[in-house]
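Engineer: Here it is, the structure in full.
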Amino acid sequence: METTRLTRREVLAFFTAALAASQLPAFAQVPKGYGTDPDLTKLHTPGDVWPLTFSAAEKKAATALADVIFPADHIGPAASALRVSDYIDEWISAPYPQQQGERPVILEGLAWLDAEAQRRFTKDFAALTSEQHRAICDDICWPADAKPAFAKAAQFFVQFRALSAAAYYGTPDGWKAIGFIGNIPLPTFDGPPKEVLEKLGLEQTVK
Amino acid sequence: MPIITSSKSQPEYDVVIVGSGAGGGQMAYTLTLNGLKCVMLEAGRNYDPVKETPMFQRPDQAPLGGAATPDKQFFGYFDATIDGGWEVPGEPYTQASEKKEEQFWWWRTRMLGGRTNHWGRISLRNGPYDFKPHSRDGLGFDWPIGYEDVEPYYTKVEMLIGVYGANSGLENTPDSPDGVLLPPPKGRVGDLMAQKHGRKLGIPVVSIHRAVLTKAQDADNIPAKLHPGNERAQRLVAESMRQRAACFWATSCVRGCSIRANYQSTTVHLPPALASGNLDIIPNAHAREVIVGEDGRATGVLYIDKTTGKEERVKAKVVVLAASSGETIRILLNSKSARHPHGLANGSGLVGKYTMDSVGASFGGQIPALENLPAHNEEGAGGDHFYTPWWLYKEQKAGKLDFARGYHIEIGGTRPMPGGGSPIRDSFVKGAYGTKLKEEARRYYGSFVNYAARGEMIPNENSFADLDPVVKDKFGIPVLRWHWRWSDHEFNQALHAEKTFAALITEMGGTPNRPVAKTGLEAISPGGKIIHEVGGALMGFDAKKSVCNSWNQTWEVKNLFLCDGAPFPSNADKNPTLTIMALAWRTGDYIIEQSRKGNL
């Protein structure tokens, strides 16, 4: 059997092809990540595939802010108990275009947070009281209401909150907190419980 | 005979099958259980869902919570797809146009079982109208076969793979014979809401049909119905069926299924075929072209062995291409010789022409009545339970609609597993944080409904694939160049779907997530995004106007058959997989019969 070593012409053609592919609608370049055939049965921990980014100060600020957004209460544990900041660190460290795009927003936002805490209270954000946390967060928690000076910080807050929520609610405690029940084998599927059907005035039509 | 490498292949086979998905899997099953010696070429690696499926892995156990990335596209990290997606490294395709709306997204999967490993398992029969669309409205093409030709095979495939659902008796939505369908799963909250409120709008909502076992298959009786008089086939199929467990109502089917409760080629078609001793599978075998002898008959397939980089040949008396319609077109166009300068089976010049996808549109809303519902489990069968078959045939016939063909509505669940993305919608929770945010998250979770339209695209002159004159893939094989254009039929259909969904959401007391699109282009999903690619080597009534005859057999090369979606002359709103399987079984029976008569 003849071998098919690529000719120089074919190698050039391949790069032309790669260029053409880069003009496709999305996923413009494929960076080095976990690859197209990762072992799906392996349990993954942040830092396993690509190195994390946060400095000690960034990690402290991220952990503190995540706990302001998701504190321990009657609904569920604090974000820090669910390793939310590790997830955010993994996210912004990922080599993919979307995550690379979000990276500066998060890192600059965390730096701003500490600088703002120092400016107002001469302490890092993590060292503030709940009241002081609220004073800063109330100014940046919703872009539509934020003063122009806080516009950029408000964009950061919403993005940080979304990442925190993705992390928080991807855990068993998060599922409990939001009301998701599943991922457990059942002998039968009985549909919505009676109290739910009654509340909605619905009747099960599959008998 | 098992999974082998190139060097272990036999000098010659009865049949070589390119592709291991729905078409290739069904073909291998049909032929090997009837004693034909087959070899299957699969471009991707071997794959065992029983060992490799991440059944209960949680988002917090995956990188990025399982969110989609360029490495794992679409459903993300836990999507069963391996080495695949709309882009495959080193295997580009090109677009003839720079305009986004004239581009085609081509999903490929490089693994044993192909796209069957992650598909939605929605298994709908084409109805009688769907085989004769041109006769009904003068558009597109009629099939050279009718529903009655395919009906027995739909029934057999449903019994083999296991399909849940109920007969609805609705127009052009065929019922299955009694006892064929497995019990439909119970309606979920969103299903029952849509059903109740749809009634007021004249929209029927009924049980969908999906290839998931809602109870164990009747392994004592089904095999004899599938293979009368063939005791060996009956025994092998019964053994395989007994290996399949009923659904345990957890985890999404797009991950695949380690207990074989849903259909994948790798858990349903290939095990009995391999057990027959008549099937060799060569993974990592990227088919390049069909080899043709001096008499014009196909003699085998030339492929790249990806493990060595070498070109290899496998010989067979019959060649079956089931590589996905795009890849099948590409193999034919690349099978050039002095005798076939424009590619194989292409005397008509029609190879590559009339490619189609489904029309896709999706639309969601928020329903206050669903806020703060008591938490409950609605994972169900790992996919849709209810749907709406196209229901406006009469209005369409009366000329009341500005598009010619229909769509069905797929009804999503309202309490999906969170993770991989934020389950919180900013516009609802606004600036909330702390305990207030957690309360709001709980309040709104479960209150969002989403509807997806899957509609029929009419084949047109401007949607086709040819070979790019310059670009080659990493193996040096010329790649496909896609040409794509929707017509107003598709645009108007997508708009109609959005308006329907908005009306239904409003009827339920809810608010649509956004205003209805102003143009069809805004409403319609890009071509290829629905991954229902068919056409490109149409079957028809005569050799000048089509590529295949009514047996999926190319007019020009008698021992060459196309058994994926490529021969489809139309793409009904019904998802194509069940029809691909039914036609592959029918073609397999024809190959067996013709081989016995010495005609191949």
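Engineer: So in segment B:467-491, with the set limited to residues that are in contact with a helix residue (DSSP H, G or I) (Cβ under 8 Å, 6 or more places away or on another chain) and surrounded by fewer than 19 Cβ atoms within 10 Å (Cβ to Cβ), which one is farthest from the other protein chains (Cβ to nearest Cβ)?
Structural biologist: Filtering segment B:467-491 for residues that are in contact with a helix residue (DSSP H, G or I) (Cβ under 8 Å, 6 or more places away or on another chain) and surrounded by fewer than 19 Cβ atoms within 10 Å (Cβ to Cβ), the one farthest from the other protein chains (Cβ to nearest Cβ) comes out as B:Asp488.
Engineer: Of all residues in segment B:371-386, which are surrounded by fewer than 20 Cβ atoms within 10 Å (Cβ to Cβ) and more than 8 Å from chain A (Cβ to nearest Cβ)?
Structural biologist: B:Glu371, B:Asn372
Engineer: Okay, next question. Could you grab me the full set of residues in segment B:399-426 that are of a type in the set (A, V, I, L, M, F, W, C) and either under 25 Å from B:Val206 (Cα atoms) or not in a loop (DSSP other than H, G, I, E, B) (or both)?
Structural biologist: Residues satisfying the conditions are B:Leu401, B:Phe403, B:Ala404, B:Ile409, B:Ile411, B:Met417.
Engineer: Pairs only if they're at least six apart or on different chains, beta carbon under 8 angstrom, first in segment B:468-495 and over 17 Å from B:Ala523 (Cα atoms), second of a type in the set (Phe, Trp, Tyr) and in a helix (DSSP H, G or I); list them, first residue then second.
Structural biologist: B:Lys472/A:Phe14; B:Asp473/A:Phe14; B:Lys474/A:Phe14
Engineer: Okay, next question. Among the numbered criteria (1) within 14 Å of chain B (Cβ to nearest Cβ); (2) in a helix (DSSP H, G or I); (3) touching an Asp or Glu at 6+ places or on another chain (Cβ under 9 Å), which single criterion is violated by A:Glu116?
Structural biologist: (1)
Engineer: Further, regarding this structure: Do we have any residue at all in segment B:189-203 that's within 23 Å of the chain's Cα centre (by Cα) and either buried (at least 22 other Cβ atoms within 10 Å of the Cβ) or outside any strand (DSSP E or B) (or both)?
Structural biologist: So in segment B:189-203, the residues within 23 Å of the chain's Cα centre (by Cα) come out as none.
No, there is no match, as no residue in segment B:189-203 is within 23 Å of the chain's Cα centre (by Cα) and either buried (at least 22 other Cβ atoms within 10 Å of the Cβ) or outside any strand (DSSP E or B) (or both).
Engineer: Please specify each residue of segment B:72-87 satisfying the condition of being without any contact (Cβ under 8 Å) to a residue 40 or more places away in the chain and at the interface with another protein chain (Cβ under 8 Å from one of its Cβ atoms).
Structural biologist: Once the filter is applied, which keeps residues that are without any contact (Cβ under 8 Å) to a residue 40 or more places away in the chain and at the interface with another protein chain (Cβ under 8 Å from one of its Cβ atoms), segment B:72-87 yields B:Lys72, B:Gln73, B:Ile82, B:Asp83, B:Gly85, B:Glu87.
Engineer: Under the condition of being among the aromatic types (Phe, Trp, Tyr) and surrounded by 23 or more Cβ atoms within 10 Å (Cβ to Cβ), which residue from segment B:409-447 is farthest from A:Gln155 (Cα to Cα)? Step through it out loud before you land on a result.
Structural biologist: Keep residues of segment B:409-447 that are among the aromatic types (Phe, Trp, Tyr), which gives B:428, B:433, B:444-445.
Still in the running and surrounded by 23 or more Cβ atoms within 10 Å (Cβ to Cβ): B:433, B:445.
On the way: B:Tyr433: 15, B:Tyr445: 23 Å.
Applying the filter and picking the extreme gives B:Tyr445.
Engineer: Let me ask you something else. Output the residues belonging to segment B:138-183 that are within 14 Å of chain A (Cβ to nearest Cβ) and in contact with a Lys or Arg (Cβ under 9 Å, 6 or more places away or on another chain).
Structural biologist: B:Tyr164, B:Gly165, B:Leu182, B:Pro183
Engineer: Of the numbered conditions (1) within 15 Å of the chain's Cα centre (by Cα); (2) more than 7 Å from chain B (Cβ to nearest Cβ), A:Glu90 fails exactly one; give the number of that condition.
Structural biologist: Condition not satisfied by A:Glu90: (2).
Engineer: Got a sec? Which of B:Asp83, B:Asp79, B:Asp137 is within 24 Å of B:Phe56 (Cα to Cα), surrounded by fewer than 22 Cβ atoms within 10 Å (Cβ to Cβ) and not hydrophobic (A, V, I, L, M, F, W, C)?
Structural biologist: On the way: B:Asp79 fails: surrounded by fewer than 22 Cβ atoms within 10 Å (Cβ to Cβ); B:Asp137 fails: within 24 Å of B:Phe56 (Cα to Cα).
After applying the criteria, what remains is B:Asp83.
Engineer: Which condition does A:Leu110 not pass, out of (1) surrounded by 13 or more Cβ atoms within 10 Å (Cβ to Cβ); (2) at the interface with chain B (Cβ under 8 Å from one of its Cβ atoms), if it passes all the others?
Structural biologist: Failed condition: (2).
Engineer: Six or more apart or on different chains, Cβ atoms under 6 Å: show the pairs whose first residue is in segment B:236-252 and not basic (Lys, Arg) and whose second is not in a loop (DSSP other than H, G, I, E, B).
Structural biologist: Short answer, once both residue conditions are applied: B:Leu236/B:Pro272; B:Leu236/B:Ala275; B:Val237/B:Pro223; B:Val237/B:Pro272; B:Ala238/B:Pro223; B:Ser240/B:Pro271; B:Ser240/B:Pro272; B:Cys247/B:Val212.
Engineer: From the list A:Thr171, A:Thr188, A:Thr205, which one is more than 21 Å from A:Ala111 (Cα to Cα), touching a residue at least 12 places away in the same chain (Cβ under 8 Å) and either of a type outside the set (Phe, Trp, Tyr) or more than 8 Å from every other protein chain (Cβ to nearest Cβ) (or both)?
Structural biologist: The conditions single out A:Thr171.
Engineer: Report, by residue number, each residue of segment B:257-300 that is under 20 Å from the mean Cα position of the chain (by Cα) and assigned to a strand (DSSP E or B).
Structural biologist: The one that is under 20 Å from the mean Cα position of the chain (by Cα) and assigned to a strand (DSSP E or B): B:Asn262.
Engineer: Next question, about the same structure. Return the residues of segment B:338-370 that are in contact with a Ser or Thr (Cβ under 6 Å, 6 or more places away or on another chain), buried (at least 24 other Cβ atoms within 10 Å of the Cβ), of a type outside the set (Val, Ile, Thr) and over 19 Å from B:Ala453 (Cβ atoms); say none if nothing qualifies.
Structural biologist: If the condition is that a residue be in contact with a Ser or Thr (Cβ under 6 Å, 6 or more places away or on another chain), buried (at least 24 other Cβ atoms within 10 Å of the Cβ), of a type outside the set (Val, Ile, Thr) and over 19 Å from B:Ala453 (Cβ atoms), then B:Leu344, B:Ala345, B:Leu370 are the ones that fit.
Engineer: Also, I was wondering about something else. Testing A:Phe156 on (1) away from chain B (no Cβ under 11 Å); (2) of a type in the set (A, V, I, L, M, F, W, C); (3) farther than 30 Å from B:Ala68 by Cβ, one condition comes back false. Which one is that?
Structural biologist: Result: A:Phe156 fails condition (3) only.
Engineer: Something else now. Checking B:Ala43 against (1) touching a residue at least 24 places away in the same chain (Cβ under 8 Å); (2) within 7 Å of another protein chain (Cβ to nearest Cβ); (3) under 19 Å from the mean Cα position of the chain (by Cα): exactly one of these is not met. Which one?
Structural biologist: (2)
Engineer: Which is more than 11 Å from every other protein chain (Cβ to nearest Cβ), polar (S, T, N, Q) and closer than 25 Å to B:Arg125 by Cβ, of B:Thr266, B:Thr214?
Structural biologist: B:Thr266
Engineer: A further question follows. Any idea which residue in segment A:37-72 is surrounded by the most Cβ atoms within 10 Å (Cβ to Cβ), counting only those that are assigned to a helix (DSSP H, G or I) and within 7 Å of chain B (Cβ to nearest Cβ)? Walk me through it before giving the result.
Structural biologist: Within segment A:37-72, the subset assigned to a helix (DSSP H, G or I) is A:56-69.
Checking which are within 7 Å of chain B (Cβ to nearest Cβ) leaves us with A:68-69.
On the way: A:Val68: 22, A:Ile69: 24.
The qualifying residue surrounded by the most Cβ atoms within 10 Å (Cβ to Cβ) is A:Ile69.
Quick grid of which residues meet (1) aliphatic (A, V, I, L, M); (2) out of contact with any Lys or Arg (no Cβ under 8 Å at 6 or more places or on another chain):
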{"residue": "B:Ala261", "(1), (2)": "yes, no"}
{"residue": "B:Thr267", "(1), (2)": "no, no"}
{"residue": "B:Pro272", "(1), (2)": "no, yes"}
{"residue": "B:Asn278", "(1), (2)": "no, no"}
{"residue": "B:Ile281", "(1), (2)": "yes, yes"}
{"residue": "B:Val290", "(1), (2)": "yes, yes"}
{"residue": "B:Glu294", "(1), (2)": "no, yes"}
{"residue": "B:Ile304", "(1), (2)": "yes, no"}
{"residue": "B:Gly309", "(1), (2)": "no, no"}
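Engineer: Next question, about the same structure. Going by the conditions given, is B:Ile282 crowded, with 21+ Cβ neighbours inside 10 Å, among the β-branched types (Val, Ile, Thr) and over 20 Å from B:Arg115 (Cα atoms)? Reasoning before the result, please.
Structural biologist: On the way: crowded, with 21+ Cβ neighbours inside 10 Å: yes; among the β-branched types (Val, Ile, Thr): yes; over 20 Å from B:Arg115 (Cα atoms): no.
Criteria not met by B:Ile282.
Engineer: Quickly run through segment B:306-337 and pick out the residues that are under 28 Å from B:Trp107 (Cα atoms), surrounded by fewer than 20 Cβ atoms within 10 Å (Cβ to Cβ) and either more than 14 Å from every other protein chain (Cβ to nearest Cβ) or of a type outside the set (Ser, Thr, Tyr) (or both).
Structural biologist: B:Lys306, B:Gly309, B:Lys310, B:Glu311, B:Arg313, B:Asn334, B:Lys336
Engineer: Let me ask another. Out of the residues in segment A:119-158 that are of a type outside the set (D, E, K, R) and not in a helix (DSSP H, G or I), which is nearest to A:Lys60 (Cα to Cα)? Step through it out loud before you land on a result.
Structural biologist: Just the residues of segment A:119-158 that are of a type outside the set (D, E, K, R), to begin with: A:121-122, A:125-130, A:132-133, A:135-137, A:140-144, A:146, A:148-151, A:153-158.
Remaining after also requiring not in a helix (DSSP H, G or I): A:122, A:128-129, A:141-144, A:146.
Details: A:Thr122: 16, A:Leu128: 12, A:Thr129: 14, A:Cys141: 19, A:Trp142: 23, A:Pro143: 24, A:Ala144: 28, A:Ala146: 25 Å.
The residue in question is A:Leu128.
Engineer: Here is a check on your reading of the model: is B:Pro11 more than 28 Å from B:Asp280 (Cα to Cα), in contact (Cβ under 8 Å) with a residue 60 or more places away in the chain and not in a helix (DSSP H, G or I)? Even if it seems obvious, please write down each step before you answer.
Structural biologist: Working: more than 28 Å from B:Asp280 (Cα to Cα): no; in contact (Cβ under 8 Å) with a residue 60 or more places away in the chain: yes; not in a helix (DSSP H, G or I): yes.
Judged against the criteria, B:Pro11 is not a match.
Engineer: So for segment B:434-456 (the condition being over 30 Å from B:Thr173 (Cβ atoms), within 9 Å of chain A (Cβ to nearest Cβ), of a type outside the set (D, E, K, R) and within 28 Å of the chain's Cα centre (by Cα)), does at least one residue qualify?
Structural biologist: Among the residues of segment B:434-456, not one is over 30 Å from B:Thr173 (Cβ atoms), within 9 Å of chain A (Cβ to nearest Cβ), of a type outside the set (D, E, K, R) and within 28 Å of the chain's Cα centre (by Cα), which makes the answer no.
Engineer: For segment B:448-462, name all the residues that are part of a loop (DSSP other than H, G, I, E, B) and surrounded by 19 or more Cβ atoms within 10 Å (Cβ to Cβ).
Structural biologist: B:Glu456, B:Ile458, B:Pro459, B:Asn460
Values in this text are rule-based calculations from the coordinates and carry no lab data. Note that the coordinates shown come from a computational prediction; the quantities given were computed from them, not determined experimentally. In this analysis, Cβ positions are derived from the backbone assuming ideal geometry, glycine residues included, and neighbour counts consider all displayed protein chains.
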